[in-house]
């Protein structure tokens, strides 16, 4: 007997980046923060009394949502705390997308969107961004409207390119598009301060906007699974009170997330460290011949040097892996000739550069 | 603009038990364990290095699933680790129930099933158990087959009555029913050893069975949000690799769950303590005139003494609450005249009994 729905029987699951058990592997493949989380997180964990685990946690993570509302100058009712950003994405599909509703998939992008759309039995229509700039096409909103798209996701800064769309680009899209937009800001903490990127004020003018943020990247807490969503109170309230699993955030995660958010000094310093490492790594990779768009994230999309006719990006990915360094290579149109490289710490970046130099040198000999 | 699906716009969310902020309240309303978790959980937490939180957790909680497979003498591919039992329930609806498929809701039961069925836009057909025994009707499977039920959930031991269905009752139902059955064993750890309750061997004979277990109750870890499912490898693999949120269990939860499971000595002793307290509390409540079916869980369903014509169960619930003691009262047919009372520790049970005595005495004066 087969109890599985046909749409799920026929789909593939999301492929996540490798998580090797070997601790000596240099992991530059899943965009984890180069530095550990704030010492305040360790202090909060040391104070946590496991006797309290006997009890259910705060059901809607209210203290955490209040803290996030303060941080973004919003009402608490506009904030949902989620198990990573992924839970927010799933909740939006569950809450807003009925079978056969159309989802607009912007490619290249986060392939989890497609997975979630397939689970929702949604129709998926793809819209391509073009290398090397990955601009949002000026007619994207009108094409999506013509196609009856009900929901789309825009990653900003964009992954896997790292580029930041300007505020007026986003605003124009929100004005014109008639469906719901998830602005996926998983990497927004790494945007250079000169851009003064701050999207939550857009919520006052656009009722079709939901913003995703995460503590996985900016706060170095990928292992803790905490993200959040910002949006209109009526939609957020529906997610919180109807479609969310009750007690979605455990007591320890709520406690440590608050501790991390309270130490903004550590967080901001850590973002600046990553930015400096990013610019330095980009310079050095460019010196090796890689073509790399400016990134406002903690990763770089590095296209192979044009003179290396014998090496594919896949081959370089494999050669790095054989030498204990993991980066990400996607078997997808338009980025098959590139590697997505997470900005590591000083030692990791140095090892990466030295190893790449060897691989490229061996090839040109 | 309203982006919310009509089925979700028109439904109510799940109402969870009150979680008061006041620590002096005696909480006997959400069936939390009377005792704290194993000291091994505290020891594991003390050893946890928060620097590791920078990294994503083990994606499918493989070490935890291996441990659970050993515990139940199953293959690891038959085990999924979930964020509480609730995530397993949600995943089964997502994976197996398309809009308009029929869900069989056995009442009284866990109202979250209905909530999840509404989110799935499923048709819900109700089947009543009758007080005071809450037997599964002998013709239940054939009626469900006639109604085209695709999925149903059986709570065993049953909530809110606490009674245990015998193995052959469950087997007969599984043999006859053509749909998928979730056997919700959230409270199975509290079953008296004399019943030798052990359902996982049923999986070898019944391909329409999934078993839900939880660490929330038996291991006193409601605050940690860890449960698991046992089933056929093909269905479990679909949940793990397709419909589950990637990284559904954070690194700390995986670590502490393993520590709790490894200390079976503590767990078994704690279950025995709860059983003894349960029998003693039941005796004392019966002496006050309450009618209480035998319970194999950590709670009692107490019907009001027949001679108290002036007091409703709701009034007693409110009088207890006014005196700082929370129990659960359900505004639902067939259990409106009863209170569901979690078995607390010795002091909590004594306070409850003394306070109930006062309330009943005040009324009869």
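The values are calculated or read from the model by the stated rules, or taken from the named source; none is laboratory data. Please read these numbers as outputs of a predicted model, since none were measured by experiment. Here Cβ is always computed from backbone atoms with ideal geometry, including for glycine, and neighbour counts include all displayed protein chains.
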Original post:
If residue B:283 satisfies every condition in (1) away from chain A (no Cβ under 11 Å); (2) free of Cβ contacts under 8 Å to residues at least 24 places away in the same chain; (3) under 20 Å from the mean Cα position of the chain (by Cα) but one, which is the exception?
Top reply: (3)
Original post:
What about residue A:192, is it surrounded by 19 or more Cβ atoms within 10 Å (Cβ to Cβ) and touching a residue at least 24 places away in the same chain (Cβ under 8 Å)?
Top reply: no
**OP:** Confirm whether residue A:216 is within 13 Å of another protein chain (Cβ to nearest Cβ), in a loop (DSSP other than H, G, I, E, B) and modelled with pLDDT under 95.
**Re:** no
Original post:
Regarding residue A:148, is this residue closer than 21 Å to residue A:86 by Cα and either more than 18 Å from the chain's Cα centre (by Cα) or surrounded by fewer than 19 Cβ atoms within 10 Å (Cβ to Cβ) (or both)?
Top reply: no
**OP:** Output the residues belonging to region B:314-335 that are in contact (Cβ under 8 Å) with a residue 24 or more places away in the chain, more than 17 Å from residue B:34 (Cβ to Cβ) and in a loop (DSSP other than H, G, I, E, B).
**Re:** B:323, B:324, B:330, B:332, B:333, B:334, B:335
**OP:** Please work out if residue A:269 is closer than 27 Å to residue A:39 by Cα, out of contact with any helix residue (DSSP H, G or I) (no Cβ under 8 Å at 6 or more places or on another chain) and assigned to a helix (DSSP H, G or I).
**Re:** yes
**OP:** Would you mind listing the strands (runs of 3 or more DSSP E) fully within region A:37-138 where at least 1 residues are within 12 Å of another protein chain (Cβ to nearest Cβ) and within 30 Å of residue B:7 (Cβ to Cβ)?
**Re:** A:79-82
Original post:
In region B:241-279, what count of residues is obtained for those that are surrounded by fewer than 24 Cβ atoms within 10 Å (Cβ to Cβ), more than 7 Å from chain A (Cβ to nearest Cβ) and under 21 Å from residue B:55 (Cα atoms)?
Top reply: 4
Original post:
Which ones in region A:1-15 are within 7 Å of chain B (Cβ to nearest Cβ), assigned to a loop (DSSP other than H, G, I, E, B) and touching a residue at least 60 places away in the same chain (Cβ under 8 Å)?
Top reply: A:5, A:11, A:13, A:14
Original post:
Is it true that some residue in region A:63-84 is at pLDDT 95 or above, under 21 Å from the mean Cα position of the chain (by Cα) and at positive phi?
Top reply: yes
**OP:** Residues being out of contact with any strand residue (DSSP E or B) (no Cβ under 9 Å at 6 or more places or on another chain) and more than 15 Å from residue B:352 (Cβ to Cβ): count how many of those fall in region B:20-32.
**Re:** 3
Original post:
Quick check, is residue A:95 in contact with a helix residue (DSSP H, G or I) (Cβ under 8 Å, 6 or more places away or on another chain), closer than 26 Å to residue A:294 by Cα and modelled with pLDDT of 95 or more?
Top reply: no
Original post:
Being out of contact with any helix residue (DSSP H, G or I) (no Cβ under 7 Å at 6 or more places or on another chain) and outside any loop (DSSP other than H, G, I, E, B), is that true of even one residue in region A:254-261?
Top reply: no
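Please work out if residue B:108 is out of contact with any strand residue (DSSP E or B) (no Cβ under 6 Å at 6 or more places or on another chain) and without any contact (Cβ under 8 Å) to a residue 60 or more places away in the chain.
The answer is no for residue B:108.
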Original post:
Among the residues of region B:286-313 satisfying the criterion of being in a helix (DSSP H, G or I) and more than 23 Å from the chain's Cα centre (by Cα), which is surrounded by the most Cβ atoms within 10 Å (Cβ to Cβ)?
Top reply: B:286
Subject >> Single unsatisfied condition, residue B:223 versus (1) without any contact (Cβ under 8 Å) to a residue 24 or more places away in the chain; (2) crowded, with 20+ Cβ neighbours inside 10 Å; (3) more than 21 Å from the chain's Cα centre (by Cα) >> reply: (3)
Subject >> Filtered residue count, region B:16-30, keeping only those that are part of a loop (DSSP other than H, G, I, E, B), closer than 16 Å to residue B:317 by Cβ and more than 9 Å from chain A (Cβ to nearest Cβ) >> reply: 5
**OP:** Sort through B:225, B:178 and tell me the only one that's at the interface with chain A (Cβ under 9 Å from one of its Cβ atoms), over 30 Å from residue B:346 (Cβ atoms) and in a loop (DSSP other than H, G, I, E, B).
**Re:** B:178
